[in-house]
1. Which of (1) more than 15 Å from SER11 (Cβ to Cβ); (2) part of a helix (DSSP H, G or I); (3) in the same structural domain as PHE9 (by TED's automatic domain parsing) is the odd one out, the single condition LEU71 does not satisfy?
2. Please work out which residue is farthest from PHE99 (Cα to Cα), limiting yourself to the stretch 42-76 and to residues that are surrounded by fewer than 15 Cβ atoms within 10 Å (Cβ to Cβ) and among the hydroxyl-bearing types (Ser, Thr, Tyr).
3. Would a scan of the stretch 83-98 turn up a residue that is surrounded by 13 or more Cβ atoms within 10 Å (Cβ to Cβ), at pLDDT 85 or above and not basic (Lys, Arg)?
4. Is it the case, given these coordinates, that GLU31 is part of a helix (DSSP H, G or I) and either basic (Lys, Arg) or out of contact with any strand residue (DSSP E or B) (no Cβ under 8 Å at 6 or more places or on another chain) (or both)?
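The values are calculated or read from the model by the stated rules, or taken from the named source; none is laboratory data. Here the structure is a predicted model, which is why all the values come from computation and not from measurement. Every residue, glycine as well, gets a Cβ built from its backbone with ideal geometry; the counts of neighbours run over all protein chains shown.
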Amino acid sequence: NAAPCILFFDSLNCHNKVKIVATLQAYLAKEFQSRHPEYSFDATRATLVEPEVPRQTNSCDCGVFVLLYALELIKRYPGGVMTEDVDVQCRTLLNQVMFGHQNVVEFRDYLQTLLGLLSVWQQAEYVPPIYSFTCVIFDTKDKLDHAGMGLFTNSFTC
């Protein structure tokens, strides 16, 4: 039972929802038309769902919140969000206690460490383009697991 919906997560609770939704609807309509010109799609029929979600307490964690919201969506709705989810569950399962402040702090630290490791590894594995034909492909996931930095570890496990 698929139905279009727009999930609106505003971690700062300060954005112009009307303008953002109108822009998203215009984009979705054009994108759909470009991919499926033989069909019609009315993006304005997409249900707007604005659950009460955890909010930032600073102005620098937007990306952390976006990733945590995405992770929670994947964990809670692995098959996608359906009509019945929009009506009931989205408003109850996606809420202010989806994750706590400590999760944000831990995830921010995890991302910082992860990006640092990936940067160091990339620099160490850099091979000038002239020698690229001899470059060995390294399995990043195995290296992260070996370093104890497997993706979404600890409280972020799916």
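1. (1)
2. Only one residue fits best here, namely THR44.
3. No, the stretch 83-98 has no match at all.
4. yes
Residue-by-condition table, conditions (1) at pLDDT 85 or above; (2) assigned by TED's automatic domain parsing to the domain that holds GLU72; (3) more than 22 Å from GLY80 (Cα to Cα); (4) among the hydrophobic types (A, V, I, L, M, F, W, C):
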{"site": "PHE9", "(1), (2), (3), (4)": "yes, yes, no, yes"}
{"site": "CYS14", "(1), (2), (3), (4)": "yes, yes, yes, yes"}
{"site": "LYS17", "(1), (2), (3), (4)": "yes, yes, yes, no"}
{"site": "ALA22", "(1), (2), (3), (4)": "yes, yes, yes, yes"}
{"site": "PRO37", "(1), (2), (3), (4)": "yes, yes, yes, no"}
{"site": "ALA43", "(1), (2), (3), (4)": "yes, yes, no, yes"}
{"site": "GLU52", "(1), (2), (3), (4)": "no, yes, no, no"}
